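Okay, structure first, notes after.
Just so you know, all these numbers are worked out from the coordinates, no wet-lab data involved. Just so it is clear, the structure is predicted and the values come from calculations on it, not from any experiment. Neighbour counts run over all protein chains shown; Cβ positions are idealised from the backbone, glycine included.
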Amino acid sequence: MPDKINAVRGMNDVLPAQSPLWELLEDAVREVFRQYGYRNIRTPIVERTELFVRGVGQVTDIVEKEMYSFVDAMNGDNLSLRPEGTAPTVRAALEHNLLYNGPQRLWYSGPLFRHERPQKGRYRQYHTFGAEALGFAGPDIDVELLVMARRLWQRLGLDGVQLQINTIGSAEERRAFRDRLIEYFERHPALLDEDAKRRLHANPLRILDSKNPAMQAMIEAAPRLIDAVGAESRANFEAVQSGLQAAGIPFSINPRLVRGLDYYNLTVFEWVSGRLGAQSAVCSGGRYDGLCEQLGGKPTPGCGFGVGVERTLLLLEARNVGHPAAPDAYLVHQGEQSGRFAFVAAERLRDCGLTVIYDCSGGSFKSQMKKADASGARHAVIVGDDEAQMQQVSVKPLREAGEQTRCALERAAELIKNKRG
């Protein structure tokens, strides 16, 4: 017998018992994003590798070692599975001239791919919901996005998700800060790991994003970019803080928060939870005013965030929510004349908006009733030859005391609906 084929490590199946939790999150995201006027956009899973090299940055973990990239055998194009969602969204907005009629509020969802060591909350295929606001220059949109994220946590009933913010200034300010940072790290060569040594002169800001425990004390003592930004960047950051305070959103300033992608500038942020261990970020984002120009468009401000689906689901699981919704009824049928009418009856009940499981096992009445009970259905709808002849059904409560009732289908639908929670 051939060997069994399993899923690729770090790329997980979502099984039927898990799907209701995903659906709960998906419904909440759609509802909240719609309230703020964000419209859905869907981009391909495969993009040209150059999109991420130019957008995310050559000297980043994503481009250097995490992307799934390959050469198209048909035409030799260098392609990659998308590792993040902002660059594809901006690419699509530019390609299809979405900004011609003014700023755009967009949101997307779907799988992303990064080749890294799988661990809880961090997988090789993972999923995200992202919101991107293109064409808005002021700090108001930064605040709107953060308020929208807070509304999502409230909609999901998640507490303990805390906001951290920082400013990384402009590209010019970061370039000026770069030399100070290199000088500092060069004084501690023995503490630098191989990644840090490789990035020291190419992109020293990425060292601040390192999660290597052995380097954390040195990183904590490094010069702070927030202390080096100019008056204009500082005023922008203060305006964001004022907006958050007016909205009643608590936050803390994390001067080491720089984000791992090169396109960010000014405000960067993370929503974090202490319930997730090392992978604490549930939602991350910031402003990226230069990205449109990097991808061949006109200078256009942008700001956005991505919500990690798997990590948010871990928080929902901890609250014990999102269990599968029980069907309204399980249709049991027995007898020569019952089968055809039972099938029609199931459809008629579904027409009334009910969730009905029709037994296809052909088993005995006793075995079908056992399946009805195991299904979690609130009622069994029973069709025997007598019911079929009278064009009626019998409704039997399964989760609470009550009499079995024989009635017409319309009355059966009313009885079942009246018992819904």
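Can you give the longest run of the chain that contains no GluC sites (Glu not before Pro) sitting in a DSSP loop with at most 10 other Cβ atoms inside 10 Å?
Within the chain, the longest run free of exposed GluC sites (Glu not before Pro) spans 1-335.
Give the Rg/Rh ratio for the chain, taking Rg as the radius of gyration of the Cα atoms and Rh as the Kirkwood radius, to two decimals.
On the way: Rg = 27.6 Å, Rh = 25.0 Å.
Result for the chain is an Rg/Rh of 1.10.
Please list 3J(HN,Hα) in residue order for segment 75-89, calculated via the Karplus relation 6.51 cos²θ - 1.76 cosθ + 1.60 where θ = phi - 60°; whole Hz, with x for glycine and proline.
Along segment 75-89, the couplings run 10, x, 5, 8, 10, 9, 5, 5, x, 7, x, 6, 4, x, 5 Hz.
Suppose R0 equals 51 Å; then what is the FRET efficiency for Ala171 and Cys352 from their Cβ-Cβ distance, rounded to the nearest 0.05?
Working: r = 61 Å, r/R0 = 1.19.
Calculated transfer efficiency: 0.25.
Amide H of Arg122: which non-local residues (sequence gap of 5 or more, or other chain) have their own amide H closer than 5 Å, using H built in the peptide plane?
none
Test of understanding: express the Cα radius of gyration of segment 289-421 as a ratio to 2.2 N^0.38 Å, with N the residue count.
Details: Rg = 23.6 Å, N = 133, 2.2 N^0.38 = 14.1 Å.
Against the empirical 2.2 N^0.38 Å value, I get 1.68 for segment 289-421.
Under a crude label model (7 Å from the Cα following the beta-carbon direction), how far is Arg42 from His115 in nanometres?
Going by the 7 Å Cα→Cβ label model, 2.9 nm.
Using only the Cα atoms, work out Rg/Rh for segment 69-142, with Rh taken as the Kirkwood radius, to two decimals.
Working: Rg = 15.7 Å, Rh = 14.7 Å.
My calculation of the ratio gives 1.07.
Could you please tell me the mean projected area of the C-alpha convex hull for segment 279-355, averaged over all directions and given in square nanometres to one decimal?
Details: hull surface 44.4 nm².
Here the figure is 11.1 nm², rounded to one decimal.
When the dipole is taken about the Cα centre of the chain, and only Lys, Arg (+1) and Asp, Glu (-1) are charged at their Cβ, what size is it in debye, to the nearest 20? Provide the component values of the computation, followed by the final result.
Details: 53 positive and 53 negative charges, 110 e Å.
So the dipole magnitude of the chain works out to roughly 520 debye.
Label Asn75 and Ala239 with points 7 Å out from Cα along Cα→Cβ: what is the distance between them in nm?
Spacing of the two 7 Å Cα→Cβ label points: 4.3 nm.
For the chain, with a Gaussian network of springs between Cα atoms less than 10 Å apart, report the residue from Val307, Val56, Val383 with the top mean-square fluctuation.
Val383
Quick one: Karplus J couplings for segment 398-405, per residue in order, coefficients 6.51, -1.76, 1.60, θ = phi - 60°, nearest Hz, x for Gly and Pro?
Once θ is set to phi - 60°, the couplings for segment 398-405 become 10, 10, 7, 5, x, 7, 6, 10 Hz.
Separation between the Asp27 and Leu415 pseudo-spin-labels, each 7 Å from Cα along Cα→Cβ, expressed in nm?
Placing both labels 7 Å along Cα→Cβ, they lie 2.7 nm apart.
So if R0 is 41 Å, what FRET efficiency would Arg9 and Arg187 give, r being the distance between their Cβ atoms, rounded to the nearest 0.05? Mind dumping the intermediate values first?
Numbers: r = 40 Å, r/R0 = 0.99.
Computed FRET efficiency for Arg9 and Arg187: 0.50.
Under a 5 Å amide H to amide H cut-off, with H placed in plane at 1.01 Å, what residues pair with Gly290 once short-range neighbours are removed?
For Gly290, whose amide H was placed from the backbone, there are no distant partners under 5 Å.
Treating segment 217-299 as a set of equal point scatterers at the Cα positions, no solvent, please give the Debye-formula log₁₀ I(q)/I(0) at q = 0.15 Å⁻¹.
-0.71
Expected output is a single nm value to one decimal: the length gained when fully extending between Lys211 and Ala137, i.e. 0.36 nm times separation in residues minus the C-alpha distance. What is it? All intermediate terms of the calculation are to be shown ahead of the outcome.
Working: separation 74, 0.36 × 74 = 26.64 nm, distance 3.21 nm.
The span from Lys211 to Ala137 would gain 23.4 nm if fully extended.
Please report, in debye to the nearest 20, how large the charge dipole of segment 329-418 is about its Cα centre when each Lys and Arg carries +1 at its beta carbon and each Asp and Glu carries -1 there.
Details: 12 positive and 12 negative charges, 56 e Å.
About 260 debye.
From the phi of every residue in segment 351-365, what ³J(HN,Hα) in whole Hz does the Karplus formula 6.51 cos²θ - 1.76 cosθ + 1.60 yield, where θ is phi - 60° and glycine or proline is x?
These are the phi-based 3J(HN,Hα) values: 4, 7, x, 8, 9, 10, 9, 9, 6, 10, 7, x, x, 5, 4 Hz.
Provide Ile249, Ile141 in ascending order of the number of other Cβ atoms located within 10 Å of each residue's Cβ, fewest first. It would help to have the intermediate numbers written out before the result.
On the way: Ile249 15, Ile141 23.
Neighbour counts put them in this order, fewest first: Ile249, Ile141.
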